[in-house]
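These notes are about the structure you will find just below.
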Ligand code: GDP
C-alpha cells in the first residue's frame, strides 16, 4: 500500500517526525519533490538530525530510501548527508536514486544568490539552494537528468549549448564571473562517481514493489500553501507539494496512493515572505517561537527565526482539502501547554466580509483574522499514550480544530520522539 505524508500549511509541520514514526511499518520511503532547500528535523535513538535530501526513513535498517525523479537532486549534499549519519553510528542506509532525477548544477545555486541580490528588498526569501533556477531549467528543457552523466559526449555538447545562455545572463544581467565548460564537466564527472552505485529506474522498482504488496511512504516537502498552483503564489516553492504530485515525482500510478496523511501543526509558523493572516508579533510570538517544535522554531536549513501565528482553521481546511486528506496527523500539541487561553483563527475578514474559504493571493493580502479563544490546559501532555488521558481542554482543542477543518484527526503527536504519538 502506498501512503503519502504531506503538509497542510507552510511547511515545518513535523512531516519528518511522522514519516520516521510510520517508517517502522514501511519498506520503502520516497522523496518525490523539492530539494535541499527545506529540512526535516528528526529525533530518535541515534540523536537529533536535520535531513534535507534523504527521506526520513533512513534510520531503520529494514527500509529502502528512494530519491524520486521529481526531486531537485544536489549530489554533494546527498553524499554529505549520507556520510554525516553514518559517521554518527546510523547503519549505511539502502538508497536508490532515480536515473530521471535532475541535477542541481553549481550554477543554479549561484543564480539563486545573484537573483536574490538583484531583487534586494523585494526578494522571495529564497534559501539560495538553487531550487527556483533548477526547476526553471527543468521546464525550459535545459536541465540535466542523472542518466545524462553516463553519456559523456552528449553531456559535453549539451553543456556547451546551455552555458552560452547562462554566461549571457551572468555577463549582462548579473555582472558576475562566467562559467567554464571544462570545469563544469569535471565537476559533473565527480558527481557521477558519487551517485553511480545508487542509480536505477526507481519507477520500475516501485512498480514491482507495489505488485508485491510492499508498504511505501511518499514523503512530501513543505506544505499545501507553498504549492505553485494552489498555494500563495508567487511566495511558493517551485515544485508541487501535493500528494497528487507524489504519483508523478515517484513514477507510480495515482490510484495506488490509498492514504493521504496530512500533517497539521497545532499552531502556525512560516518562513519566507508572503501573507500570513494569523501571524503574531512581539513577546507573544517570541515565547511561542522559543517553546515551539523541539528546541525552538528556527529554520532547519538556514537557522533563521520562523514567523509565528495562531492555528489557522481557514488555511488548514483548504490545505487539507487540496491534499486530498484521508487522515490528519496533528503535531506539536504539547508546546501549547503553557497558555492560559489559546486563540484560533476561525475566519478571514476581507473587505468587511467574513469567509472561511481560503482566498487567492491578492485578497489574502487584505485578510484580517477572526479569532476565537479556547481555554488552555496548562499541563505537560508529553508521555501520554491514550487519547482519553489527555486533559479535557486539550481534547476540546483537538475536536474544535477537527470540526473546523472537516477532516479526521487520527494521530496526535505530543513530543518530538518516535514514540510520542497517540492514535485515535
Ligand atoms: P517538517 O519539515 O515538516 O518535517 O518539520 P520540521 O522538522 O521543520 O519541524 C518540526 C519540528 O518540530 C522539529 O524540530 C521536530 O523535532 C519537532 N516536532 C515534531 N513533532 C513534534 C511534537 O509533537 N512535539 C514537539 N514538541 N516537537 C515536535
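Only the coordinates and a few stated rules stand behind these numbers; no lab work does. Predicted model only: the values in this text are computed from it and were never measured. Cβ coordinates were reconstructed from backbone atoms using ideal geometry, including for glycine residues, and neighbour counts include every protein chain displayed.
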Open item on the list: Quick check on packing: order 259-272, 16-29 by the mean number of other C-beta atoms within 10 Å, highest mean leading.
Closed with: 259-272, 16-29
TODO: May I ask you to list the residues of the stretch 239-260 whose amide nitrogen lies under 17 Å from a point 7 Å from Cα along the Cα→beta-carbon direction of residue 215?
DONE: 257-260
Open item on the list: Can you give me the orientation-averaged projected area of the convex hull built on the Cα atoms of the chain, in nm²?
Closed with: 20.3 nm²
Open item on the list: Once you keep just the Cα pairs under 8 angstrom separated by 6 or more residues, what percentage relative contact order results for the stretch 1-128?
Closed with: 21 percent
TODO: Using 0.36 nm per residue of separation minus the Cα-Cα distance, give me the extension gain between residue 380 and residue 48 in nm, one decimal.
DONE: 117.4 nm
- [ ] Take 2, 30 and order them by how many other Cβ atoms sit within 10 Å, fewest up front.
- [x] 2, 30
Open item on the list: Could you work out the relative contact order of the chain? I mean the mean sequence separation of Cα pairs under 8 Å and 6+ apart, divided by the number of residues, in percent.
Closed with: 20 percent
- [ ] Would you mind getting me the FRET efficiency between residue 117 and residue 233? Use the beta-carbon distance for r and R0 = 22 Å, nearest 0.05.
- [x] 0.45
- [ ] For residue 338 paired with residue 356, estimate the spin-label separation in nm (one decimal), with each label point 7 Å from Cα along the Cα-to-Cβ line.
- [x] 3.1 nm
Task: Efficiency of FRET from Cβ geometry, residue 366 and residue 388, R₀ 45 Å, rounded to 0.05 - done: 0.60
Task: Contact order relative to length of the stretch 312-400, as percent, for alpha carbon pairs under 8 angstrom and 6 or more apart - done: 30 percent
TODO: Measure nothing fancy, just the Cα-based angle from helix 152-169's long axis to the longest principal axis of the chain, in degrees from 0 to 90, nearest 10.
DONE: 70 degrees
Task: the chain: angle of helix 282-291 to the longest principal axis, Cα-based, in degrees nearest 10 - done: 70 degrees
Task: Linear extension gain, residue 140 paired with residue 61, 0.36 nm per residue minus alpha-carbon span - done: 24.5 nm
Open item on the list: Expected output is a single nm value to one decimal: the length gained when fully extending between residue 410 and residue 423, i.e. 0.36 nm times separation in residues minus the C-alpha distance. What is it?
Closed with: 4.1 nm
Task: Rounded to 5, percent antiparallel among DSSP beta bridges of the stretch 283-415 - done: 70 percent
- [ ] For every helix of n ≥ 4 consecutive DSSP H residues, a contribution of -39,500 (n - 2.57) applies; sum these over the chain, divide by its total residues, and give [θ] at 222 nm rounded to the nearest 500 deg cm²/dmol.
- [x] -9500 deg cm²/dmol
- [ ] Take every DSSP beta bridge with both residues inside the stretch 1-72 and express the antiparallel ones as a percent of the total, to the nearest 5.
- [x] 55 percent
Open item on the list: If you average the C-alpha positions of the stretch 48-103 and of the stretch 154-182 separately, how far apart do those two centres end up, in angstrom?
Closed with: 30 Å
Open item on the list: Can you give me the orientation-averaged projected area of the convex hull built on the Cα atoms of the stretch 102-197, in nm²?
Closed with: 6.3 nm²
Open item on the list: Just to confirm the number: angle between the C-alpha axis of helix 313-323 and the first principal axis of the chain, 0 to 90 degrees, nearest 10?
Closed with: 40 degrees
Task: Peptides ranked, highest mean first, by Cβ atoms within 10 Å: ranges 88-96, 330-338 - done: 330-338, 88-96
Task: For the chain, share of DSSP beta bridges that run antiparallel, in % to the nearest 5 - done: 40 percent
